[in-house]
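**Student:** Pasting a structure below so you can have a look.
The values are calculated or read from the model by the stated rules, or taken from the named source; none is laboratory data. Predicted model, so just to flag it, every value in this text is computed and none were measured. Cβ atoms come from the backbone with ideal geometry, glycine included; neighbour counts cover every protein chain shown.
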Amino acid sequence: MNVCLVSVLFWGLAAHAYVFFHNTFSHDSLTEFNAAVYGNDWKIQLGRVFVPAYRFLFRGDLNLPWLIGVLSLIFLYGSVYLTIRIFHIHRNIIMFLLGGIYCANLTVSATAATYINDLDSNMMALLMSVLAVFLWKKLKHGYLWGMLPVCISLGLYQSYISTTITLILLSLILRLLKGGEFQEVFRRGLLAIVMLVGGGILYLLAMKGILLLSPVELKEDNYNSVTGFLSLHLSALPALIGKDYLRTVYRIVATASAYPTWMIVGIHVVLLFLGGISFVITLINPRVGKKERILAVVLLLLVPIAMNVAYILSGGMSHELMHFAFNLIYVFLLLLADRIEWNRRLFRIRAKKLSAAVIVLMTFLILWGNVRLANTLYLKKNMEYDANMVFFTGVVDRMQQTPGYRSGNTQVVFVELPVIQIEDAPGFENVSAIAGMWKNYVPFGTDPWSYQSYFTYVLLNPARMAEQDVWSRMQDDPRVDAMPVYPAEGSVQMIDDVLVVKFGIRTN
């Protein structure tokens with residue numbers, strides 16, 4: 001347990017302390033800065049119906065970076081500890097690396113960089129996902145008890161169900177490779193399915209009940225909504241599974257990293273090669289029966305689908321925030337290298353130790369690259385935050401000098417987006433494709449909510465953003481089209497008692 005705690009603190013703080021101690025609010029974390037104003041209802045509309053209750057119990061409605069960080073590390077510690085128990089991990093080096101696998105990965109970093117408002121509740125969803133597997137494996141009727149954490153996880157962030165499924169598959173595969181019988185493993189797999197289905201039913205019932213008590217309805221046209229998961233057409237399934245395989249393998253092998261692409265691809269090729277050898281050598285061990293071998297291969301082929309099951313269920317969409325389960329491949333490779341017995345008649349024990357050492361070293365390199373990448377993301381966000389502060393200070397000055405404008409009374413509309421060129425700066429070239437990092441401005445610009453939050457909480461300015469209908473109408477107004485772009489003279493003017501600030505020209 002001490003190694004587990006040290007590992008989480010080391011990797012968690014090395015990767016994420018920067019964002020826990022800095023204000024880097026942007027996009028969703030800015031719009032939902034105060035969830036009581038905008039955020040709690042939105043989460044219910046997306047089907048994340050337990051998030052408001054979680055916030056009420058643990059941290060309140062405001063985005064509090066340090067408290068969010070503390071809670072996230074606590075939940076990550078619980079997830080790592082339960083994973084150690086699930087797989088009976090005893091070696092200190094694997095426990096140390098396991099903390100890095102859970103804490104220093106792209107899913108956690110991308111969430112913390114742009115969506116820190118969701119970081120702690122997402123890590124609670126992760127903990128519930130792992131807890132369900134722990135209960136399923138350790139208790140006699142654990143599959144029944146596991147339905148509750150599955151339900152809670154789905155109600156916090158649906159995508160972490162992929163972690164539950166992947167951990168179950170890896171546990172079953174390792175059991176087969178260690179001599180488990182076909183009937184035993186097959187039965188355990190059926191009980192896992194019962195747990196997943198039962199947890200899903202509990203979630204749907206809870207969601208229906210909360211929606212009855214809530215003034216909002218499920219969002220029907222948003223890729224993040226649970227409705228996307230419930231509208232999958234079976235005819236599209238074969239093509240989605242094929243794309244899922246390719247996307248999963250590509251996202252693992254060529255994952256974003258602080259290292260050059262050729263290096264990170266090379267590391268993963270070596271890892272997967274050594275892992276494949278370990279798996280095949282163990283599979284041909286006489287203690288593993290023919291039926292068990294077939295089942296182990298089938299389950300292994302299902303792992304990539306499980307890792308990115310959100311892609312299939314959503315009809316072909318997933319991003320880094322949904323990819324936590326991808327990191328479990330490193331857990332599997334470490335356990336294969338350390339725990340599986342090679343056939344000594346074919347291979348010397350020295351070869352196994354060398355293979356295990358290489359896998360450990362390569363895993364450490366990947367994790368340290370993830371630490372560097374996380375800090376790069378947070379530095380970029382902090383620079384954007386400061387640059388936007390300077391930019392909007394000038395905008396506010398122009399607004400207040402405009403005849404007829406009364407701060408806090410006159411409706412304000414921003415057209416298009418301010419461009420603060422940070423992602424093109426040397427050193428940031430490889431991060432712009434990551435979820436939440438592809439735009440170099442702080443407020444969204446597509447609706448008034450993020451601007452209202454920015455002016456209220458960051459600039460401490462009482463500017464009043466126009467209602468959505470006025471905001472949308474002004475985007476297409478011919479008089480606005482004729483305006484020059486800020487900071488040119490005439491880029492800030494009154495139109496129909498609305499102050500319009502034009503940042504750019506529409507491209508569509």
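**Student:** Evaluate the range 266-276: report whether one residue or more is buried (at least 18 other Cβ atoms within 10 Å of the Cβ), small (Gly, Ala, Ser) and over 19 Å from ALA357 (Cα atoms).
**Tutor:** Taking the range 266-276 and keeping what is buried (at least 18 other Cβ atoms within 10 Å of the Cβ), we get 267-268, 271, 274-275.
When the remaining residues are screened for being small (Gly, Ala, Ser), the result is 275.
From what is left, the residues that are over 19 Å from ALA357 (Cα atoms) are none.
No, that holds for no residue.
**Student:** Is there any pair with a first residue in the range 295-315 that is closer than 30 Å to GLY179 by Cβ and a second that is not polar (S, T, N, Q) and not in a helix (DSSP H, G or I) whose Cβ atoms are under 8 Å apart and which are 6 or more apart or on different chains, and what are they?
**Tutor:** Pairs found: ALA296/VAL288; MET307/HIS323.
**Student:** Same structure again: For the range 54-142, please list each of the helices (runs of 4 or more DSSP H) lying entirely inside it that holds at least 2 residues being free of Cβ contacts under 8 Å to residues at least 60 places away in the same chain. Working first, answer last.
**Tutor:** Values: elements: 65-86, 92-103, 106-114, 116-138.
Here the list reads 65-86, 116-138.
**Student:** Which of (1) over 23 Å from ALA53 (Cα atoms); (2) at pLDDT below 95; (3) touching a Lys or Arg at 6+ places or on another chain (Cβ under 9 Å) does ILE168 not meet, given it meets every other one?
**Tutor:** For ILE168, the exception is condition (2).
**Student:** Checking the conditions here, which among LEU336, LEU246 is in a helix (DSSP H, G or I) and within 28 Å of MET95 (Cα to Cα)? Working first, answer last.
**Tutor:** Details: LEU246 fails: within 28 Å of MET95 (Cα to Cα).
Answer to the selection: LEU336.
**Student:** Read through the list (1) at pLDDT below 95; (2) over 30 Å from SER109 (Cα atoms); (3) not charged (D, E, K, R), then give the number of the only condition that VAL412 fails.
**Tutor:** So VAL412 meets the others, but not (1).
**Student:** Looking at (1) surrounded by 24 or more Cβ atoms within 10 Å (Cβ to Cβ); (2) farther than 19 Å from GLY12 by Cβ, which one does VAL108 not meet, given that it meets all the others?
**Tutor:** Tallying (1) surrounded by 24 or more Cβ atoms within 10 Å (Cβ to Cβ); (2) farther than 19 Å from GLY12 by Cβ, VAL108 fails exactly one: (2).
**Student:** Further question: Looking only at the range 252-309, which residues are assigned to a loop (DSSP other than H, G, I, E, B) and out of contact with any Gly (no Cβ under 6 Å at 6 or more places or on another chain)? Full working, then the answer.
**Tutor:** Applying the first criterion (assigned to a loop (DSSP other than H, G, I, E, B)) to the range 252-309 yields 254-260, 284-289, 308.
Answer for the range 252-309, where residues must be assigned to a loop (DSSP other than H, G, I, E, B) and out of contact with any Gly (no Cβ under 6 Å at 6 or more places or on another chain): ALA254, THR255, ALA256, PRO260, ILE284, ASN285, PRO286, VAL288, GLY289, ASN308.
**Student:** Filter the range 456-503 down to residues that are touching a residue at least 40 places away in the same chain (Cβ under 8 Å) and charged (D, E, K, R), then give me how many there are.
**Tutor:** The qualifying residues number 4.
**Student:** Give me the residue from the range 56-67 that is of a type outside the set (Asp, Glu) and either crowded, with 21+ Cβ neighbours inside 10 Å or in contact with a helix residue (DSSP H, G or I) (Cβ under 7 Å, 6 or more places away or on another chain) (or both) and, out of that set, nearest to THR24 (Cα to Cα). If you could, list the steps in order and put the result at the bottom.
**Tutor:** Going residue by residue through the range 56-67, those that are of a type outside the set (Asp, Glu) are 56-60, 62-67.
Retained after the next criterion (residues that are either crowded, with 21+ Cβ neighbours inside 10 Å or in contact with a helix residue (DSSP H, G or I) (Cβ under 7 Å, 6 or more places away or on another chain) (or both)): 58-59, 63, 65-66.
Details: PHE58: 21, ARG59: 18, ASN63: 11, PRO65: 9, TRP66: 12 Å.
This residue is PRO65.
**Student:** From the list ASP447, ASP476, ASP424, ASP496, which residue is surrounded by fewer than 17 Cβ atoms within 10 Å (Cβ to Cβ), modelled with pLDDT of 90 or more and among the charged types (D, E, K, R)? Before you say what the answer is, go through the steps one by one.
**Tutor:** Details: ASP447 fails: modelled with pLDDT of 90 or more; ASP476 fails: modelled with pLDDT of 90 or more; ASP424 fails: modelled with pLDDT of 90 or more.
Only one candidate passes the filter, namely ASP496.
This table checks each residue for (1) farther than 28 Å from ILE193 by Cβ; (2) surrounded by fewer than 14 Cβ atoms within 10 Å (Cβ to Cβ); (3) not small (Gly, Ala, Ser).
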| position | (1), (2), (3) |
| --- | --- |
| ILE252 | no, no, yes |
| ILE294 | no, yes, yes |
| VAL303 | no, no, yes |
| SER318 | no, no, no |
| ALA325 | no, no, no |
